[in-house]
1. What's the extension gain from B:V183 to B:L267 if we count 0.36 nm per residue and subtract their Cα-Cα distance?
2. Could you give the nm distance between label points at B:E260 and B:K50, where each point is 7 Å from its Cα heading toward the beta carbon?
3. Taking H as built 1.01 Å from N, whose amide H comes closer than 5 Å to the amide H of A:R112, not counting residues under 5 places away?
4. What are the ³J(HN,Hα) values, in whole Hz, obtained from phi via the Karplus relation 6.51 cos²θ - 1.76 cosθ + 1.60 with θ = phi - 60°, for each residue of the stretch B:127-135 in sequence order, with x given for Gly and Pro?
5. State, to one decimal in nm, how far the label point of B:V228 lies from the label point of A:D97, with both points 7 Å from Cα in the Cβ direction.
6. Long-range amide H contacts for B:I234: which residues qualify at under 5 Å (H placed 1.01 Å from N, peptide plane, sequence gap of 5 or more or a different chain)?
7. Please list the non-local residues whose amide H lies under 5 Å from the amide H of A:I65, H modeled 1.01 Å from N, same-chain partners needing a gap of 5 or more.
8. With a sphere of radius 14 Å drawn around the Cβ of B:A247, what net charge do the other residues whose Cβ falls strictly inside it have (Lys, Arg +1; Asp, Glu -1)?
Amino acid sequence: MENLQDDLLKIVNRFNNAVVLYCDEFAGMENFVNRFKDRAFNFSGEQSMMMAACGFAARGKMPIIVCSSAKIANAYAQLRDGICIPNLNVKIFAVGDGVRDAEVVGAMPNIRVMVPFGGLRAGLARHDSGYLYGNFEEFGPVYFNFSGVP
Amino acid sequence: MLEKKAAQIRLLALESVYKAGVGNVGNLMSSVEILTALYYGEIFGRKIMKVDPTKPGWSGQDYLILSKVEAAPLQYAVLADLGFFDKSELAFLGRAGSILKEYPSGKAPGVTGTILSKGYGLSFAVGLVLALKMEKKGNKVFVLLSAEELRQGQVWEAIIAAAYHRLDNLIVFVDDPAVEVDVSQPVKIHVGQVQDKFKVFGWDVAQVIDGHNFDQLLSGLDKSFKTVRKPSCIWCHTIAGKGIEFAERKTGYLNAILSEGEMLEILSKFNVSA
């Protein structure tokens, strides 16, 4: 979890319009939340969090949803109808082992699915090649599957 | 003046759903006065909603999010009347290639957010208000919610989140249309006295006994504008199919459109040639 927080800090420092949305269960985010109180938002449920991300995007923000894959699976309808079909600039960090989530999300329109080998840290280490930051610079929804992190 | 405007909007919306061939006349007509009060109403000479037809994406504008997706033709009728787009566009509602869809489409000028299904709008508005708070902007965000949607869990997640984040520039209209009980229709689960539950979650609640009376609607809005550190809910008791005598309170017209004969009757009532 520490690795993920460090990397989120890097991303939020680099992109001024980035905001982080998380669910109650994500209690391991204290360090990040304390540092960026005005840019990290807690939500009571994953379905409302998905649609709230669309609200942020309507104001030109780049919401980064940090949530477990299993919880995101509860909100696939919102992901498809709210984010993928209108093609909004929302990035999703799905942490933990999901059940074939890359395939299911990959079938939705407009969204790109990334499965960085070795998790986010490995992706950022190769940032010179623009592998991961490129996904943030480009407009559109991206789903990062970090199975095995932490 | 507002009554006259409401009649115009009612007719525009009825014509557009009639031409489209799909629509929910009963559900549509119950919200006419709410939308008219929002877009055209004034409190002490100040416009309630700040919108500018010449600048559709203006950052200083107020927002209306339709969680009640079936009311989309109504919002399109208002926006066309205000001059966001030409009234002739209304004839292509729901057609392939048209900017106006049967649901609120973010591609239509003046509409914020694409809401494809019921119950999504309030969560969308919570995100929008949080983004505005982050920018330290005081733009108001209005939401039109139907009482039916309060059966969905996602709406309650958003209600809790709005109270937790103290979103005082979020104002939610709950449209609670009265319908006659029809024994031939399947019984729907009734949501009961939900107004009190909003209060328990930390919302400010204003009751509007007649959701078709502009004085009551404007006084409810005035009350909610004065609320601080709390989101507000304006609970409007309305009548399904209001303004069409034969469709008022009838469940059969809730999710239907008018036939050709009925449409001609309405047009003659409004003194318009077909």
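Laboratory data are not the source of any read-out in this text; all were calculated from the coordinates shown. Owing to the predicted nature of the structure, the values given are computational and were not obtained by experimental measurement. For neighbour counting, all protein chains shown are included, and Cβ atoms are generated from backbone atoms with ideal geometry for every residue, glycine included.
1. Numbers: separation 84, 0.36 × 84 = 30.24 nm, distance 3.13 nm.
27.1 nm is the gain from fully extending B:V183 to B:L267.
2. Taking the two extended label points, one gets 4.9 nm.
3. A:V142, A:Y143
4. So the Karplus estimates, Gly and Pro as x, are x, 5, 5, 4, 5, 5, 5, 4, 7 Hz.
5. So the two model labels end up 5.3 nm from each other.
6. Here the answer is B:V172, B:F173, B:V174, B:A206, since their amide H atoms fall under 5 Å of that of B:I234.
7. Placed amide hydrogens put A:L21, A:K91, A:I92, A:F93 under 5 Å from A:I65.
8. On the way: positive: B:R10, B:K242, B:R249, B:K250, B:K269; negative: B:E180, B:D182, B:E245, B:E248, B:E262, B:E265.
With Lys, Arg at +1 and Asp, Glu at -1, the neighbours total -1.
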